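What follows is a single structure, written as structure tokens, with notes after it.
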Amino acid sequence: MTLTVKTILQGFVAHLGAAITTGERDLASPFEMPVPPQLVAQVEAAMDLAQSSAQQVILLTAHMPARALIGGLVLREAGLTIEGILANFSETTVDPLVTCLRGLKESRLLLVEAPSIPLSKSEGSDVRYLLLSPR
């Protein structure tokens with residue numbers, strides 16, 4: 001499955017909104033998965049490359065859901081936790097979250113939930129593929 005960062009961010013906001021509205025978290029959601037810091041750092045590097053390059057950047061996420069990776073990146077960038085957002089839903093928690101979401105939403109990064117994909121011979125140098133590495 002191929003997902004854009006914007007699509008994932010919309011889901012993340014909906015996930016937080018549902019938790020705030022109902023007072024209950026969906027612990028089965030990929031947004032609730034713990035993500036190792038080294039994976040979040042790799043997603044951040046892919047995001048930086050996508051924002052600074054004219055190339056389309058495609059990150060193959062292997063066996064980690066793209067939603068978990070982007071959710072983890074947002075929380076790290078905003079300096080927040082889901083628990084913190086829900087426990088203290090105020091300007092002090094929302095402002096850094098909104099700033100982070102705004103900065104990421106236009107990313108040209110695509111995330112593909114697969115360990116590999118077949119490459120077309122017509123693919124030029126305008127696409128850069130990165131593989132998420134668990135190490």
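Read-outs throughout are calculated quantities, based only on the coordinates presented, and are distinct from any laboratory measurement. This one's a predicted model, so the numbers in the text were calculated from it and none came from an experiment. Every residue, glycine among them, receives a Cβ derived from its backbone with ideal geometry; neighbour counts consider all protein chains shown.
Here the Karplus curve 6.51 cos²θ - 1.76 cosθ + 1.60, taken at θ = phi - 60°, turns the phi angles of the stretch 27-33 into couplings of 5, 7, 5, x, 5, 8, 5 Hz, with x standing for Gly and Pro. Of all beta bridges that DSSP places with both ends in the chain, some 25 percent have antiparallel geometry.
Neighbours of L3, meaning other residues whose beta-carbon lies under 11 angstrom from its beta-carbon, give a summed charge of +1 when Lys and Arg score +1 and Asp and Glu score -1. Rounded to the nearest 500, the helix-only mean residue ellipticity at 222 nm of the chain stands at -16000 deg cm²/dmol, with each DSSP H run of n ≥ 4 adding -39,500 (n - 2.57). Using 1/(1 + (r/R0)^6) with R0 = 30 angstrom and r between the beta carbons of S53 and V13, what's the FRET efficiency to the nearest 0.05? The computed FRET efficiency comes out at 0.70. Whole-Hz ³J(HN,Hα) for each residue in the stretch 85-94, computed from phi via Karplus 6.51 cos²θ - 1.76 cosθ + 1.60 with θ = phi - 60°, x for glycine and proline: what do you get? Listing the rounded values in order: 5, 6, 6, 9, 6, 9, 4, 5, 9, 6 Hz. Give the calculated FRET efficiency between E91 and I20 to the nearest 0.05, with a Förster radius of 25 Å applied to their Cβ-Cβ distance. Approximately 0.95, to the nearest 0.05.
Within the stretch 22-105, the ratio Rg/Rh, alpha carbon atoms throughout and Rh by Kirkwood, equals 0.99. Could you tell me how far the Cα centroid of the stretch 1-45 sits from the Cα centroid of the stretch 63-135, in Å? Spelled out, the Cα-based centre of one part sits 8 Å from the other. Placing a label point 7 Å from the Cα of D126 along the Cα-to-Cβ direction, the residues of the stretch 59-77 whose backbone N falls under 18 Å of that point are 59. In this simple spin-label approximation, E44 and E83 carry label points 7 Å from Cα along the Cα→Cβ vector, and these lie 2.1 nm apart. Distant-in-sequence amide contacts of A114, defined by a placed amide H-H separation under 5 Å and a gap of 5 or more residues or a different chain, comprise T61, A62.
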